[in-house]
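Chemist: Here's a structure for you.
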Amino acid sequence: MKKRTLFGLGALLAVVVVIVVCWRQAGPTARIRSFTELSPAAQTVRRTDAARRLSMTLAKLLQAQGEVYRQTKLSKEQEYERLLNSAADVKAGVLQGDPKWAPTVLALEDSFFARDERRECARTFQDVLPERCDYKIDIVVERVDEHTGRIVSSRGRSAPDDPEPVCAAFAACIAAIREKKTIPIPADADTTFAISQSLQSTQLAAEMMDPAHVERGIAVAKAGIAAWRADAELAAPVKNYFLPFNDQFVKYLEGHLAELRGASGK
């Protein structure tokens with residue numbers, strides 16, 4: 001925005017300079033005589049011609065400004081494409097015990113992240129999706145502040161070993177809904193960077209529509225979480241990733257259970 005503003009001011013300054021130079025070259029006497037000696041009708045024509053020339057000049061400058069903006073946007077899109085092609089799988093480091101990217105990975109894997117939009121993708125493809133889709137999502141993130149980034153570009157694609165075309169289309173849908181969403185990022189991450197995720201989507205098992213089954217699953221998960229928390233020597237991957245991931249999953253199951261009970265009136 002700042003660059004476009006400066007360009008606009010520079011363009012208007014250039015117009016003013018041209019007008020002043022032409023005015024000076026005519027000379028003071030010639031300027032007054034050449035205009036005042038004209039008839040009123042001729043003066044009107046002269047004003048109209050001057051206004052038309054100024055308008056055409058401004059139109060050309062605005063067109064040039066628009067071209068600069070278009071080229072800048074194109075360059076940014078090309079940069080995003082370059083970043084997407086070299087997106088890093090940051091989860092690998094988290095699973096090895098490095099906590100740096102854990103909040104980012106957990107946010108992207110949270111079942112509540114873009115939940116409504118993801119459900120819409122699922123409804124769109126539910127009649128054609130296979131039982132399992134393996135796919136990858138690449139995203140470009142731009143820093144908003146010290147600990148927050150905004151997703152500015154995304155791409156979905158099938159995993160190399162999953163040739164299903166419909167999975168690629170589903171992945172593209174999931175990728176698109178992530179754009180403009182914000183996520184936590186490390187304080188020392190680059191201003192703009194790209195990360196990649198390997199994901200899998202499966203058809204919802206029939207028993208997951210049974211409130212009693214879901215309730216038992218919640219109890220089992222909570223018991224496992226409690227055991228982890230009681231372990232004073234918890235391994236770094238469990239502490240940084242698996243424990244909070246299961247906390248998130250329990251919240252999802254509890255929300256799912258509430259929806260099932262609400263639908264059944266129990």
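The values are calculated or read from the model by the stated rules, or taken from the named source; none is laboratory data. Since this is a predicted model, take the numbers as computed values, not measurements. Please note: Cβ atoms are built from the backbone with ideal geometry, for glycine as well, and neighbour counts cover all protein chains shown.
Chemist: Mind checking whether some residue in region 126-137 is crowded, with 16+ Cβ neighbours inside 10 Å, in contact with a strand residue (DSSP E or B) (Cβ under 6 Å, 6 or more places away or on another chain) and among the charged types (D, E, K, R)?
Modeler: yes
Chemist: For region 216-260, what are the residues that are hydrophobic (A, V, I, L, M, F, W, C) and free of Cβ contacts under 8 Å to residues at least 12 places away in the same chain? Spell out how you get there, then give the answer.
Modeler: Our first condition is that a residue be hydrophobic (A, V, I, L, M, F, W, C); within region 216-260, this holds for 218-221, 223, 225-228, 230, 232, 234-236, 238, 242-243, 245, 249-250, 253, 257-258, 260.
Once the filter is applied, which keeps residues that are hydrophobic (A, V, I, L, M, F, W, C) and free of Cβ contacts under 8 Å to residues at least 12 places away in the same chain, region 216-260 yields A219, V220, A223, A226, A227, A230, A232, L234, V238, A258.
Chemist: Any idea which residue in region 235-258 is nearest to A107 (Cα to Cα), counting only those that are surrounded by 15 or more Cβ atoms within 10 Å (Cβ to Cβ) and of a type in the set (A, V, I, L, M, F, W, C)?
Modeler: Among those residues, the one meeting the criterion is F245.
Chemist: Which members of region 174-216 meet the condition of being farther than 23 Å from V105 by Cβ, of a type in the set (G, A, S) and either in contact with a Gly (Cβ under 9 Å, 6 or more places away or on another chain) or assigned to a helix (DSSP H, G or I) (or both)? I'd like the intermediate steps shown before the answer.
Modeler: At the first step, the residues of region 174-216 found to be farther than 23 Å from V105 by Cβ are 203-216.
Checking the rest, the ones that are also of a type in the set (G, A, S) come to 205-206, 212.
Of everything in region 174-216, those that are farther than 23 Å from V105 by Cβ, of a type in the set (G, A, S) and either in contact with a Gly (Cβ under 9 Å, 6 or more places away or on another chain) or assigned to a helix (DSSP H, G or I) (or both) turn out to be A206, A212.
Chemist: Give me the residue from region 210-224 that is loosely packed, with under 13 Cβ neighbours inside 10 Å and of a type in the set (A, V, I, L, M, F, W, C) and, out of that set, nearest to G262 (Cα to Cα).
Modeler: Ranking the candidates gives A212 first.
Chemist: May I pose another question? Given the criteria surrounded by 17 or more Cβ atoms within 10 Å (Cβ to Cβ), aliphatic (A, V, I, L, M) and in contact with a helix residue (DSSP H, G or I) (Cβ under 9 Å, 6 or more places away or on another chain), does L95 qualify? Break it down into steps so the answer makes sense when it comes.
Modeler: Numbers: surrounded by 17 or more Cβ atoms within 10 Å (Cβ to Cβ): no; aliphatic (A, V, I, L, M): yes; in contact with a helix residue (DSSP H, G or I) (Cβ under 9 Å, 6 or more places away or on another chain): yes.
Criteria not met by L95.
Chemist: Of these, L253, L234, L260, L243, which one is outside any helix (DSSP H, G or I), more than 26 Å from V140 (Cα to Cα) and not assigned by TED's automatic domain parsing to the domain that holds E109?
Modeler: Details: L253 fails: outside any helix (DSSP H, G or I); L260 fails: outside any helix (DSSP H, G or I); L243 fails: outside any helix (DSSP H, G or I).
Among L253, L234, L260, L243, only L234 is outside any helix (DSSP H, G or I), more than 26 Å from V140 (Cα to Cα) and not assigned by TED's automatic domain parsing to the domain that holds E109.
Chemist: If you go through region 160-177, how many residues are surrounded by fewer than 20 Cβ atoms within 10 Å (Cβ to Cβ) and out of contact with any helix residue (DSSP H, G or I) (no Cβ under 8 Å at 6 or more places or on another chain)?
Modeler: Residues flagged as surrounded by fewer than 20 Cβ atoms within 10 Å (Cβ to Cβ) and out of contact with any helix residue (DSSP H, G or I) (no Cβ under 8 Å at 6 or more places or on another chain) within region 160-177 amount to 9.
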